[in-house]
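Participant: This is the structure, below, for whatever I ask next.
The values are calculated or read from the model by the stated rules, or taken from the named source; none is laboratory data. Keep in mind the model is a prediction, meaning the values are calculated, not measured. Virtual Cβ from ideal backbone geometry, glycine too; neighbours counted across all protein chains shown. With ligands, DNA and RNA removed, areas are computed over all heavy atoms of the protein, side chains included. Shrake-Rupley method; radii C 1.70, N 1.55, O 1.52, S 1.80 Å.
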Amino acid sequence: MSEGPHEAAVAAVTREAAAPTALTPTVSIVGRPNVGKSTLFNRIVGRRQAIVHDMPGVTRDRLSAFVELDRGSVEARGVELIDTGGLVPGDDPLGLNKQVMVAVEESDLLLFVVDGRAGLTTADERVWHELRPVGKPTVLVVNKGDTRDAKERFAEFYSLGLEEMVLVSAEHGIGTGDLLEAALRSLPPAEAPPPAPAEGVPAVAIVGRPNVGKSSLLNKIVGSERTLVSPTPGTTRDPIDTPISFDDKDYVLIDTAGIRRRAKTADQPEELAVMMARRQIERASLAVLVIDAAQGVTTGDLAIAGTVWELGRAAVVAINKWDLLDEDLREELERSWERLDQLLAGPERVNVSALTGRAVEKLFPAIDRTLVSYNTELTTGEVNRFFEQALIRNKPPHDKGRSWKVYYATQVGTAPPTFMLFANRTLPRSHTYRRYLENRLRAELALPGVPIRLVIRKRGKEKAEKER
């Protein structure tokens, strides 16, 4: 590979990687049962993710997805979209209403869905009576707009007093463009991230499912009851930033506790914990993922780990309540560990007890080592030599008789380490050879718990193709 004058392209990618991003707003789809909320969620997300059924109450837990809302005349925004269960004020034997209202209180915008074919019902009025006092910006989505009844009865909904009303058919996609535009207009201005710690002071987010011991761990580290600790999940209402020093090094610890503010129910699905943790992970350089040793690695733990990885943050895993394990539970934990170990690329793991303080002091050396890896920086010569050797070790793929060829490579960013390759063609994100290069980089550089980004640009074209 030869080195060439690609400074402009490299600078463009570097600026993009370094640009600060606003915190992700949250949009919840709400309404009484069986009005088409899950169908609308699937339509906006673009894939069949929510369960859709005519029986009211099928959507018991919230589903969430990160989506880009893009409508030509309004600036695009990325949002966390939540599909909630049906809200039935006054009738809540399973506690579903409480779950919906947690999502409502945590949201930046509500999409209030009604059945246009049925017209304005007493149930819709009762739902709005519950939603209105929360004071969230709301777009009224009159669904089933492909029917004559919905078009004729649309005016009935003006009596609710909402300024933004859109007639749509979630099933057929009619009016969804107008809905996206109304949603973008109604979102509050982009919320800038809180001030970053002083230069050189890493922000570390403590993340995990409700009631795994995040706040207890923070209290043990700090040495005081800095946060409210209770055996009831969700008792930590606000994220708490705690500046600390350990061995003459400064850190800022962010206690996410799964729920960001005003949580009022102990029955919180793990999807909500993932969504709320996302905002705090965005603020951090590294996340300490706290796992309940007795429960092993759950799907909720994997979901939060996936969010850490997706956002390009480094990870250390703290296995809490280690002192409570017997031999059988330890075997179960080790069996469940493999998936998490693979997802986070062999992260540093510390077995701790937040209650007794066992091994808590070992967290910071693990954090320091991972942060060093996260900020790994190579010279252009080192990068090119590495890729030369990687291509020799495992021959590149062929397409229509033409071998994939790399002309030049360089590192364009750290935190996470990001590398740009100029080649004769790009490689899809899922391509096995792309994964081979990432794995070779990680093995060569010893980057446990650190994501790697490859930016592959087809030589001679201005636009880079990033498949992360």
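Participant: Looking at Ile259, Ile291, Ile254, can you tell me which residue is open to solvent by less than 40 Å² (accessible area, probe 1.4 Å) and at pLDDT below 55?
Facilitator: One residue alone meets the criteria, Ile259.
Participant: For the range 444-457, what are the residues that are outside any strand (DSSP E or B), open to solvent by less than 20 Å² (accessible area, probe 1.4 Å) and either aliphatic (A, V, I, L, M) or under 20 Å from Pro397 (Cβ atoms) (or both)?
Facilitator: Once the filter is applied, which keeps residues that are outside any strand (DSSP E or B), open to solvent by less than 20 Å² (accessible area, probe 1.4 Å) and either aliphatic (A, V, I, L, M) or under 20 Å from Pro397 (Cβ atoms) (or both), the range 444-457 yields Leu447, Val450, Ile452.
Participant: Sticking with this one: Among residues belonging to the range 11-36 that are among the charged types (D, E, K, R) and in a helix (DSSP H, G or I), point out the one that is modelled with the lowest pLDDT.
Facilitator: Arg15
Participant: Moving on to the next point. Got a number for residues in the range 389-423 being open to solvent by 20 Å² or more (accessible area, probe 1.4 Å) and either touching a Leu at 6+ places or on another chain (Cβ under 6 Å) or polar (S, T, N, Q) (or both)?
Facilitator: Selection size over the range 389-423: 5.
Participant: Also, quick follow-up: Go through the residues of the range 354-361 one by one and say whether even a single one is more than 30 Å from Ile244 (Cα to Cα), assigned to a loop (DSSP other than H, G, I, E, B) and β-branched (Val, Ile, Thr).
Facilitator: Checked against the condition, which is being more than 30 Å from Ile244 (Cα to Cα), assigned to a loop (DSSP other than H, G, I, E, B) and β-branched (Val, Ile, Thr), the range 354-361 yields no hits at all.
Participant: Identify, please: which residue in the range 120-151 is part of a loop (DSSP other than H, G, I, E, B) and charged (D, E, K, R) and is, among those, surrounded by the fewest Cβ atoms within 10 Å (Cβ to Cβ)?
Facilitator: Taking the candidates together, the pick is Asp146.
Participant: Right, next: For the range 389-398, does any single residue satisfy the condition of being at pLDDT below 90, assigned to a strand (DSSP E or B) and of a type outside the set (Asp, Glu)?
Facilitator: Yes, the conditions are met somewhere in the range 389-398.
Participant: Can you tell me which residue among Leu427, Leu441 is outside any strand (DSSP E or B), in contact with a Lys or Arg (Cβ under 8 Å, 6 or more places away or on another chain), touching a residue at least 40 places away in the same chain (Cβ under 8 Å) and crowded, with 18+ Cβ neighbours inside 10 Å?
Facilitator: When all the criteria are applied, what remains is Leu427.
Participant: Can you name the residue in the range 331-356 that is among the charged types (D, E, K, R) and surrounded by 15 or more Cβ atoms within 10 Å (Cβ to Cβ) and is also nearest to Leu286 (Cα to Cα) among such residues?
Facilitator: Residue satisfying both the conditions and the ranking: Glu348.
Participant: Same structure again: Specify the residue that is surrounded by the most Cβ atoms within 10 Å (Cβ to Cβ); the eligible residues are those in the range 357-378 that are among the polar types (S, T, N, Q) and out of contact with any strand residue (DSSP E or B) (no Cβ under 8 Å at 6 or more places or on another chain).
Facilitator: That would be Thr376.
Participant: Determine which member of the set Glu348, Glu327, Glu338, Glu310 is among the acidic types (Asp, Glu) and farther than 22 Å from Glu438 by Cα.
Facilitator: Only one candidate passes the filter, namely Glu327.
Participant: If you take the residues in the range 79-119 that are open to solvent by 20 Å² or more (accessible area, probe 1.4 Å) and among the small types (Gly, Ala, Ser), which one is nearest to Leu69 (Cα to Cα)?
Facilitator: So the residue we want is Ala118.
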